[in-house]
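The values are calculated or read from the model by the stated rules, or taken from the named source; none is laboratory data. What you see is a predicted model, and the numbers here were worked out from it, not measured in a lab. Reconstructed Cβ throughout: ideal geometry from the backbone, glycine too, with neighbour counts over all protein chains shown.
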Amino acid sequence: MMNNIIVLPLIIPIMVGVILVFLRPYIKTQRVISLVTMLGMVGISLYILNKIQTEGILRLDFGGWEPPFGILFVADSFAMLFVLTANIVTAICLMYAFSSIGENHEKMFFYPFVLFLIAGVNGSFLTGDLFNLFVCFEVMLLASYVLVTLGGKKAQLRESIKYVVINILSSWFFLVALAYLYGTLGTLNMAHLSERVAEAGQGPLLTTISILFLIVFSLKAGLLLFFWLPGSYSVPPTAIAALFGALLTKVGIYALFRTFTLIFYHEPSITHTLIGIMAGVTLVVGSIGAIAYKDVRLISSYNVVIAVGFILVGLALATQTSFEGSIYYVMHDMIAKAMLFLIAGTMIALTGKTKIDEMSGLIRNYPLFGWMVFIVTCSLAGIPPLSGFVGKLLVGEAAIEAGSYILLALAFISSIVVLYSLLRIFLNSIFGETIISPEDEVPLKKGMIIPIVLLAIGTVFLGLGAEFISGYVSDAAHTLSNPSVYIEAVLGGNK
Amino acid sequence: METLIILLIGILVAVATYLILSRNIIRVILGTAVLSHAVHLLILTLGGLKTGNVPLLTEADAPYTDALPQALILTAIVISFAVTAFVLVLAYRAYQDNGTDDLDALRGTNDE
């Protein structure tokens, strides 16, 4: 089905972002316009998602060039669930930014770059062409380079150089992989690639190329190759760190799922085993990191790493159940990680300290905030009825079915580590003797607590309303486990 | 011809790797620039160097040379240009604020 609407998640943020550049001095106007845009995008994503359920996978051939010749956008449930959650999280992070980011950021094009970032993220989710994926990655990355450096503190500049250089290198590997793939198969349209790989058989050459893609996307997702992540995610202002923690690694995860379920799914004994090993190591090393540090932002960053490992366990198992589990978990993780980063940032803003043993007794000063920390702890640990539970249950079920007991054990031990690392924050900083006297208490701004509460509502809804979204998730998992559905939707019309 | 270009790409990658591994940040940036040129050449070569006529239906007869790699490279060049420009500015700001262009000194300590 052709439909023009699926280009909107890319084009609206870009156009609005460009307009906002010219509205630089008018901060209030910028705030209103960017928030309205993001809320509109949430609405559009919901509309597209429901349209897919009735009409099947939607696609848009740009300029009327039919696939496999032109570039196209493809919207299936899998992509749209990512787009929808990403837009909701961005809208909420924007709300948090209103009261926390500061006028200097707002005047230095903060809002336009958030919109450019989300445009790149949405484009990466929706594109049906591997080279176009590269371009959308770059749109997202360039916006993220600006956001990570904005403010220009010493630590920020220092960490952002590493972040930028590592991403330039991974983009280079992406181009090399694309060049080899084009040289071998003569196409870059994902559905067409899938068809040609199936025809020619995934020989050693193609498997090598697939491993090159694995390296590239692992760098972006923070799967095993996450050495750059904790440093660069802990330096920018809270709202930006939350956006990064929630969205950027998820784009890499999306790309991994897309390539290894649609294109390179013929040699699971090599590629998927490798992904399983990488996911396992990521879980272990991430867990060590999450326990080792006392800085709340570093603990949060290592929690991102653990989640990436957990989600990729679902890809390594490669069954319909495990895909469903991963999809649930990704949606949960975007919401809960944004919440965790916002909470970590708020703790720092309230106390002026970054280490957990320097804060204490926050629940007496800020009871509601203390409860929010409790909710995010339970949610990330996977305690029902919160959102982490469904994903963990399904991935665990799939691991038992597949007999991968090592991955199962690692995945669930890591959940305990997550619980421990967050309980450490809770017990040290939220419980205990209060160190802030009522006179010195920094008031908790409404603009800070409301976004956190909204995310908490999101995680409760995703947990209790799992039944409500299960239709979308199983449709998405169905497309992932049956590549022919996707291929038929893209190439079916003109053969 | 292909072999020659592949060798050239190899040399460029080697030079770029050497530059990126050095401690001076300007050398690292130059390294990434050289690296991007290497991959552009790679795309061009793997798409097949000139194998036929210009890909214009009215101007020439089949077989046509594949024009797609050139479109890909054009996009990649624009992106790498933008990124390099950004990194140069970033490096200059980092040099001004941190007072050094030595990556070892930019490592950062845990106490900050």
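Screening A:Gly128 on (1) more than 17 Å from the chain's Cα centre (by Cα); (2) within 30 Å of A:Gly186 (Cα to Cα); (3) within 14 Å of chain B (Cβ to nearest Cβ) shows it passes everything except condition (3). Listed by position, the helices (runs of 4 or more DSSP H) contained in segment A:84-178 that have at least 2 residues being buried (at least 24 other Cβ atoms within 10 Å of the Cβ) and in contact with a Gly (Cβ under 6 Å, 6 or more places away or on another chain) are A:110-126.
Any residue that is more than 18 Å from A:Phe125 (Cβ to Cβ) and not in a helix (DSSP H, G or I) - is there at least one of those in segment A:322-344? No, because not a single residue in segment A:322-344 is more than 18 Å from A:Phe125 (Cβ to Cβ) and not in a helix (DSSP H, G or I).
Filter segment B:19-61 down to the residues that are touching an Asp or Glu at 6+ places or on another chain (Cβ under 8 Å), within 12 Å of chain A (Cβ to nearest Cβ) and under 26 Å from B:Leu4 (Cα atoms) and list them by number. Across segment B:19-61, the qualifying residues are B:Thr45, B:Gly47, B:Gly48, B:Leu49.
Against the test of being under 22 Å from the mean Cα position of the chain (by Cα), free of Cβ contacts under 8 Å to residues at least 24 places away in the same chain and within 19 Å of A:Tyr254 (Cα to Cα), the options A:Val135, A:Val121, A:Val89 yield a single qualifying residue, A:Val135.
For segment A:197-209, the candidate set comprises residues that are in contact with a Leu (Cβ under 9 Å, 6 or more places away or on another chain) and buried (at least 18 other Cβ atoms within 10 Å of the Cβ); within that set, the residue that is nearest to the other protein chains (Cβ to nearest Cβ) is A:Ile209. Scanning segment A:117-171 for residues that are of a type in the set (D, E, K, R) and under 21 Å from B:Val39 (Cα atoms) yields A:Asp129, A:Glu138. The set of residues from segment B:23-54 being outside any helix (DSSP H, G or I), without any contact (Cβ under 8 Å) to a residue 24 or more places away in the chain and over 16 Å from A:Tyr182 (Cβ atoms) comprises B:Lys50, B:Gly52, B:Asn53, B:Val54.
Give me the residue from segment B:1-14 that is among the β-branched types (Val, Ile, Thr) and farther than 22 Å from A:Tyr163 by Cα and, out of that set, surrounded by the most Cβ atoms within 10 Å (Cβ to Cβ). Looking at the filtered set, the residue picked out is B:Ile9.
A count restricted to segment A:401-438 and to residues that are among the hydroxyl-bearing types (Ser, Thr, Tyr), out of contact with any Gly (no Cβ under 8 Å at 6 or more places or on another chain) and surrounded by fewer than 20 Cβ atoms within 10 Å (Cβ to Cβ) stands at 3.
Restricting segment A:263-274 to residues that are aliphatic (A, V, I, L, M) and either touching a strand residue (DSSP E or B) at 6+ places or on another chain (Cβ under 7 Å) or surrounded by fewer than 24 Cβ atoms within 10 Å (Cβ to Cβ) (or both), the residue that is farthest from A:Glu324 (Cα to Cα) is A:Ile270. Regarding A:Leu368, is this residue surrounded by 24 or more Cβ atoms within 10 Å (Cβ to Cβ) and in a helix (DSSP H, G or I)? Answer is no for this residue. Which ones in segment B:55-82 are without any contact (Cβ under 8 Å) to a residue 12 or more places away in the chain and either within 17 Å of A:Lys162 (Cβ to Cβ) or of a type in the set (Asp, Glu) (or both)? If the condition is that a residue be without any contact (Cβ under 8 Å) to a residue 12 or more places away in the chain and either within 17 Å of A:Lys162 (Cβ to Cβ) or of a type in the set (Asp, Glu) (or both), then B:Glu59, B:Asp61 are the ones that fit.
Residue count for segment A:248-270, restricted to those that are assigned to a helix (DSSP H, G or I) and of a type in the set (Phe, Trp, Tyr): 3. When segment A:98-115 is filtered for residues that are within 17 Å of A:Gly245 (Cα to Cα) and modelled with pLDDT of 95 or more, the ones remaining, listed by number, are A:Phe113, A:Val114, A:Leu115.
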